[in-house]
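What follows is a single structure, written as structure tokens, with notes after it.
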Amino acid sequence: MRLYNSKTNTLEPFAPLEAGKVKLYVCGPTVYGEAHIGNARPVIVFDTLRRTFEALGYTVDYVSNVTDVDDKIIQKALTEGVPETVITDRYIAAYNAIRQALNTRTLTFNPKVTDTIAPIVDFIAQLVNEGYAYNVNGNVYFRVLKSDRYGEISKQRIDDLLVGARIDEDPDKESPLDFALWKRTDEGIQWDSPWGKGRPGWHTECVVMINDYFKGPIDIHGGGMDLKFPHHENELAQAKACLHHHLANVWMHNGMLNIDGEKMSKSLGNVLLAKDVIDKLGANTVRWMMLSAHYRAPLNISDEVIEQAKTELAKASTVLRQIDVRTQLNGLTLVETKESEYYPRFLEAMEDDLNTPNAMAVLFDAIKAVNQALRQRDVNEAAVAQLTASIRGMLEVLGIAIPVVMLSDDQKALFARWNTAKAAKDFAAADEARQQLIAQGLL
């Protein structure tokens, strides 16, 4: 497995910290509203990465958090006149429903910030004690200028950042680049701390949750490209200062998503909610569309892209349906095996920094091969079995769920009636049976 490390900007051979295991953390949602379709991309990308590792024989510890305390959550709760938990419970449930609808495997652990306050306070206190953070009137800030090589993930220079940061300079900060670890708050949810009542800053939460669960550095830290700076940069700075390690060996970032060539934004009115897109297109089409481009590349959603995803997915669905129907009608048994040449080639593409476009090309090669095998006068059942298992194995890694067609006795009888009518040249009866089979999705 080779992965592109955003920190080094190079493709690197994957070397796990612990043999046979992958420690993976992906930044999760801040739950103050419905997830949009852009939020679904990292969900799909990193679920597919996890599936690839598991197909290669690794055990994956996949942790993704929930940020359930934030200014926007507090403001929404105040506007609705309800406790913050009413807001967060609502959108946590909505987000989990999207994960489930997208056929993702269950997370190993899904921590919430509100369940991690004690270790967060301890972590900030240690940063203060070691001189990396300071308290001003109940607000605690991290000293960015004391951080070694700050900007190494996003490749930003301190001098350039200072120029931009001075526009919004805060007199309480020693440097305009310093960021909040603890925020004094007079309204909304709050906790006691050595610096007074308040709540944690966003950039501290993930690094603490990683350390709280994994008890040390991890193999892969993932998220969207928009998290490179400042979020991941600030996580790394804190880990180096307090934990004395680099938090993750590999930093992975998926590209952003556009709608008809434009950035998705409320001002343009082109924000698509994930639940609406999934309801309209189905999970398989959404996953196929998301994986049709390399995860690091921008992805543009358009009618053309959607139709292409539907067409390509239909090719896989059609051939598998034909095989399921044919084997049951003929009383055949396809032995489960992935020994065809295609499955290893597929995994090789996935091992090349999750190159899903190349992997899908191998999948289509296998579909073409099985179609050719099915057209032979004497069908090679062993070859069809190998190809079918390979295709289903590839789809499993991609998270595409195409159920096996199981024919009822009535459906088998309908096929028999269709074939009998065709043989007797009873075109009216044959057409009637055929239309019924089409209506049932069997042709």
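The numbers here are math on the coordinates, done by the rules we state, and not lab data. Here the structure is a predicted model, which is why all the values come from computation and not from measurement. Because the Cβ atoms are built from the backbone with ideal geometry, glycine has one as well, and the counts that use them run over all protein chains shown.
Table for the structure above
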{"read-out": "Net length gained if the chain between ARG149 and ASN96 were fully extended (0.36 nm per residue, minus Cα distance)", "value": "15.4 nm"}
{"read-out": "Reach of LYS228 by Cα under 20 Å, taken over aspartates and glutamates that are not fewer than 8 positions away in the same chain", "value": "GLU12, ASP47, ASP70, ASP148, GLU152, ASP159, ASP160, ASP178, GLU205, ASP219, ASP353"}
{"read-out": "Length added when fully stretched, ASP352-LEU78, from 0.36 nm per residue minus Cα-Cα", "value": "93.8 nm"}
{"read-out": "Percent RCO, i.e. relative contact order, over the chain, from Cα pairs under 8 Å lying at least 6 residues apart", "value": "17 percent"}
{"read-out": "Axial C-alpha extent at least 15 Å, average Kyte-Doolittle at least -1.0 - helices from the chain (DSSP)", "value": "37-55, 84-101, 117-129, 202-214, 303-329, 356-374, 381-398, 409-423, 427-439"}
{"read-out": "Relative intensity, log₁₀ I(q)/I(0), of region 293-443 from a Debye sum that treats every alpha carbon as a point, q = 0.09, 0.12, 0.20 Å⁻¹", "value": "-0.36, -0.61, -1.25"}
{"read-out": "DSSP-defined antiparallel bridges as percent of all bridges, the chain, nearest 5", "value": "45 percent"}
{"read-out": "Of LYS280/LYS422; LYS23/LYS155; LYS7/LYS197; LYS310/LYS368; LYS23/LYS315, those spanning more than 29 Å from alpha-carbon to alpha-carbon", "value": "LYS280/LYS422; LYS7/LYS197; LYS23/LYS315"}
{"read-out": "For the chain, calculated [θ]222 nm from helices alone, where every DSSP H run of n ≥ 4 adds -39500 (n - 2.57)", "value": "-15000 deg cm²/dmol"}
{"read-out": "Region 2-254: relative contact order in percent, alpha carbon pairs under 8 Å with at least 6 residues between", "value": "24 percent"}
{"read-out": "Label-point separation, PHE229 to ARG326 (7 Å along Cα→Cβ), nm", "value": "5.6 nm"}
{"read-out": "Extension gain from LYS315 to ASP260, taking 0.36 nm per residue of separation minus the Cα-Cα distance", "value": "17.3 nm"}
{"read-out": "Relative pair counts by distance (%), Cα atoms of the chain, 10 Å bins", "value": "4, 18, 25, 23, 14, 8, 5, 2, 1, 0"}
{"read-out": "Approximate spin-label separation THR106-LEU443, in nm, with each point projected 7 Å along Cα-to-Cβ", "value": "4.3 nm"}
{"read-out": "Sorted peptide list for 43-54, 206-217, criterion being average Cβ within 10 angstrom, highest first", "value": "43-54, 206-217"}
{"read-out": "Highest-first arrangement of 130-140, 414-424, where packing means the average Cβ count within 10 Å", "value": "130-140, 414-424"}
